[in-house]
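Where a number appears in this text, it was derived from the coordinates with a stated rule and is not lab data. Predicted model, so just to flag it, every value in this text is computed and none were measured. A quick note on method: Cβ atoms are made from the backbone with ideal geometry, for glycine too, and the neighbour counts reach across all protein chains shown.
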């Protein structure tokens, strides 16, 4: 309602208002409060950073990938994403063994920005304990989490 009034007022005053929609959140994924997403398929989990995270980071210029075969633990850092603004650790939303890394990110780190949920995935993990998924948020909880975080 307030944005509609603001738009009407801006239109009346001939001021251009650009609306920035909230970052996209994909329904069928689970989310960590450190802004990683995980898509689970049986014992396999694909992990990346969320649209919200990439939006806050800005243009990604480098992605530090772990080695295949390395063990990751839920909540522990496994790599980093470097942008023009900052470098941020990337945390694993699940525990297990890295079975694949997205080599494409070595030459095209911007995929994290342009396609965070598809081409910009970072690692694939063989999950040790699927019970850990209950520690993560669904899309609705994650959306609320981001809105509250951005309000502060």
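Just to verify a number: FRET efficiency for residue 129 and residue 59, C-beta to C-beta distance, R0 = 41 Å, to 0.05? Let's see the in-between values first.
Working: r = 36 Å, r/R0 = 0.87.
Step by step, r from the Cβ atoms, then E = 0.70.
Test of understanding: ordering 37, 121 by Cβ neighbours within 10 Å, fewest first, what list do you get? List each step's numbers first, then the result.
Values: 37 27, 121 23.
Sorted ascending by nearby Cβ count, the order is 121, 37.
For the pair residue 148/residue 99, report the inter-label distance in nm, with labels modelled 7 Å from Cα in the Cβ direction.
Output for this residue pair reads 3.4 nm.
Please arrange 56, 35 by how many other C-beta atoms lie within 10 Å of their C-beta, fewest to most.
With the fewest neighbours first, 56, 35 line up as 56, 35.
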